[in-house]
Amino acid sequence: MADWSAGKRRPARPSKDAIWLGIARGGVADAPIYCRSRQDAEAQISQIIDAEVATGRRLLLSFDFPFGYPRGLARHITGDDDPFALWDWISARITDAPDGTNNRYAVAEEMNAQFEGPGPFWGKPKQTDWPGVPYRKAGISYDTIPERRTCDLAAKAASSCFQLAFPPTVGGQILMGLPTLNRLRARPEVAVWPFEDWTDAPVVLAEIWPGLIEPAVKATQSDDIRDAVQVRLLATALSRLPAATLHAWMTDLPDAAREEAWILGAGHTAELVSHAEDTDAAA
């Protein structure tokens, strides 16, 4: 379970709003891994993939940002409904320096330029920067492209893919996360759920949302950084799910998921929470 970030490189001391990786096997979690940058996280993830594949274990690798946008955006930007066409388009434009400096607002501005009127992407640190990105959502029409995906509605997710700033936000994480996923999916052992046939893949990339286990996070007695608690509990919950249950969740999907992706566990909050017992507190 990867808790992603679109921000600058974080300090050496573990801190919030960084990238955290949670690993669990057989319902038992390791200590979360703190990553100061996206480059560090990608290197760690690659090492985890290598280690798990070498042992013969299968790996479910989940990320807390959307794998797709609302239906219609991919075609509007690339001329193709294939979500990977949009992954390629974004990956070809995003720049990401080792210190975390990146051009995600400029890329969003380029996408906005393909629409009439303001948006659909909005939100930025300063009103005067990137004039093609509205500071607020007011005045943006989502008649052409829906504001939210089908799975966002099912999971009652807090933020839309188009919101780039102001918490809670996920828009920046998408733009800075999809290039990483695009590189990972090039590995021969990796498949992306639900866009590809994943049933026999050694490594499966999947979208998740920590908000699904919020009751368990609030109930924990841990003093750890909240991001670290989330990845530990969510990795634990997913690893404790019966195989048949996980398979059902990953196969019983609406048609919209083929383009928009899907949040693993959407609509099954209670069951996920029941498996997300704080093992540290219980010990």
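Conditions tested, residue by residue: (1) in a loop (DSSP other than H, G, I, E, B); (2) over 21 Å from GLU116 (Cα atoms); (3) within 16 Å of the chain's Cα centre (by Cα); (4) small (Gly, Ala, Ser).
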{"residue": "SER141", "(1), (2), (3), (4)": "yes, no, no, yes"}
{"residue": "ILE145", "(1), (2), (3), (4)": "yes, no, no, no"}
{"residue": "ALA157", "(1), (2), (3), (4)": "yes, yes, yes, yes"}
{"residue": "SER160", "(1), (2), (3), (4)": "yes, no, yes, yes"}
{"residue": "LEU181", "(1), (2), (3), (4)": "no, yes, yes, no"}
{"residue": "ALA186", "(1), (2), (3), (4)": "yes, yes, no, yes"}
{"residue": "GLU196", "(1), (2), (3), (4)": "yes, yes, no, no"}
{"residue": "GLU214", "(1), (2), (3), (4)": "no, yes, no, no"}
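Being in contact with a Cys (Cβ under 8 Å, 6 or more places away or on another chain) and in a strand (DSSP E or B), is that true of even one residue in the stretch 10-20? Yes, there is a match, as at least one residue in the stretch 10-20 is in contact with a Cys (Cβ under 8 Å, 6 or more places away or on another chain) and in a strand (DSSP E or B). GLY22 passes every criterion in (1) surrounded by 19 or more Cβ atoms within 10 Å (Cβ to Cβ); (2) free of Cβ contacts under 8 Å to residues at least 40 places away in the same chain apart from (2). Condition check for ALA165 on (1) part of a strand (DSSP E or B); (2) touching a residue at least 24 places away in the same chain (Cβ under 8 Å); (3) among the aliphatic types (A, V, I, L, M); (4) surrounded by fewer than 22 Cβ atoms within 10 Å (Cβ to Cβ): one failure, at (1). Close contacts from the stretch 227-246, counting a first residue that is more than 12 Å from ALA216 (Cβ to Cβ) and a second that is of a type in the set (Phe, Trp, Tyr) and assigned to a helix (DSSP H, G or I), with Cβ to Cβ under 9 Å and a gap of 6+ residues or different chains, come to LEU241/TRP249. Do you know which residues across the stretch 19-47 are farther than 25 Å from PRO98 by Cα and among the basic types (Lys, Arg)? Passing the criteria: only ARG25.
A quick yes/no check of all residues on (1) out of contact with any Asp or Glu (no Cβ under 6 Å at 6 or more places or on another chain); (2) open to solvent by 40 Å² or more (accessible area, probe 1.4 Å):
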position: ALA51; (1), (2): yes, yes
position: ARG58; (1), (2): yes, yes
position: ASP64; (1), (2): no, no
position: ALA85; (1), (2): yes, no
position: TRP89; (1), (2): yes, no
position: PRO98; (1), (2): yes, yes
position: TYR105; (1), (2): yes, no
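The values are calculated or read from the model by the stated rules, or taken from the named source; none is laboratory data. Here the structure is a predicted model, which is why all the values come from computation and not from measurement. Quick reminder, even Gly has a Cβ in these numbers, built from the backbone with ideal geometry, and neighbours come from all protein chains shown. When the accessible area is computed, the model is the full protein with side chains, heavy atoms only, and any ligands, DNA or RNA have been set aside. Shrake-Rupley method; radii C 1.70, N 1.55, O 1.52, S 1.80 Å.
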